[in-house]
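Heads up, the thing below is written out as structure tokens.
Where a number appears in this text, it was derived from the coordinates with a stated rule and is not lab data. Values in this document were obtained by computation on a predicted structure and should not be read as measured data. With ideal geometry, Cβ positions are generated from the backbone for all residues, glycine too; neighbour counts draw on all protein chains shown.
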């Protein structure tokens, strides 16, 4: 990967890491489901007029729109509204890695690798520690909601995994057309019966948050990510996603003054170790195997 593309992938990591702090700021003014509806509407309505429909089934677009756009993001936004800090949200949502591997084994009968099994066990132990955390950066309800959000993200991953040669940017634009109406209906029935009045009373800070989560975090970041996945192998690009919770926690600590308690810090480290083993453990095993073989060759020569 050349220096320009390393810069691009780090830009995406920064954008997605900062996204959790931006969401938390936006939730100070409007309820979570309404915020999620705005986030998708502001992306899809103008862009769909210029972006061609992706080369895939409309059912894939609808399915990902429902599972990712409606359910996953609603659960994520609600979890942050009821007591999950931005930093922990950026980490806990990465449970999608564990759930994606588990569902792939269960549904597609894929073979689970040793490093993935070890990584899952480590990560699950880390996630379990958060049920005993009492420092106030998350509630049990928030933790359960965000883990369910990760499950629905994993389901969306499996749908997209089956698609071949689909432009990710085009796909995400058309996926974004699905959530606004059902989310608006949910918000009207559950959150507020006067959404227009509520929106008219908001500040510029809220609209900047919506623009960021819509255009920058969704359109710009996915466009760059799609370019990188086309240019390099997934094994080269996806490990950079492990930096997202690191950036998320750092930015939330700076702008939201979020501090982790001892159990939360330990749990976060255990989860990160589990994720690293899941994603990169295979490479480490190959590296050490090659070193061992080379030593044996030198020894026998």
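For the peptides 22-30, 2-10, 205-213, 34-42, residues were scored by their other Cβ atoms within 10 Å and the scores averaged per peptide; the highest-first order is 34-42, 22-30, 205-213, 2-10. When the square roots of the Cα gyration tensor eigenvalues are ordered a ≥ b ≥ c, the ratio a/c for region 213-293 is 1.5 or more and a/b does not exceed b/c, which makes its shape oblate.
Distance between the C-alpha centres of region 83-138 and region 140-200: 20 Å, rounded to the whole angstrom.
Taking the helices alone, the chain has a mean residue ellipticity at 222 nm of -23000 deg cm²/dmol, built from -39,500 (n - 2.57) per DSSP H run of at least 4 residues and averaged over all its residues. Axis angle, to the nearest 10 degrees, between helix 114-129 and the longest C-alpha principal axis of the chain: 50 degrees. In this entry, region 38-96 is assigned a mean projected area of 5.1 nm², taken as a quarter of its C-alpha convex hull surface. Quick check: from the Cα gyration tensor, does region 1-52 come out rounded (a/c under 1.5), prolate or oblate? Oblate, since a/c reaches 1.5 and b/c is not below a/b.
Highest mobility in the GNM of the chain, judged by mean-square fluctuation with C-alpha springs under 10 Å and restricted to 159, 71, 146, is found for 159.
Estimated translational diffusion coefficient (Stokes-Einstein, Kirkwood radius over Cα pairs, 25 °C, 0.890 mPa s) of the chain: 121 µm² per second.
With q set to 0.17, 0.21 Å⁻¹, the log10 of I(q)/I(0) for region 1-139, from the Debye formula over equal scatterers at the Cα positions, is -1.27, -1.35.
In this rough spin-label picture, where each label sits 7 Å from Cα along the Cβ direction, the residue 166-residue 253 distance is 3.8 nm. Within the listed set 281, 267, 119, the Gaussian network model of the chain (springs between alpha-carbon atoms below 10 Å) gives the highest mean-square fluctuation for 281. Relative contact order for region 3-300: 41 percent, from Cα pairs under 8 Å spaced at least 6 residues apart, divided by residue count.
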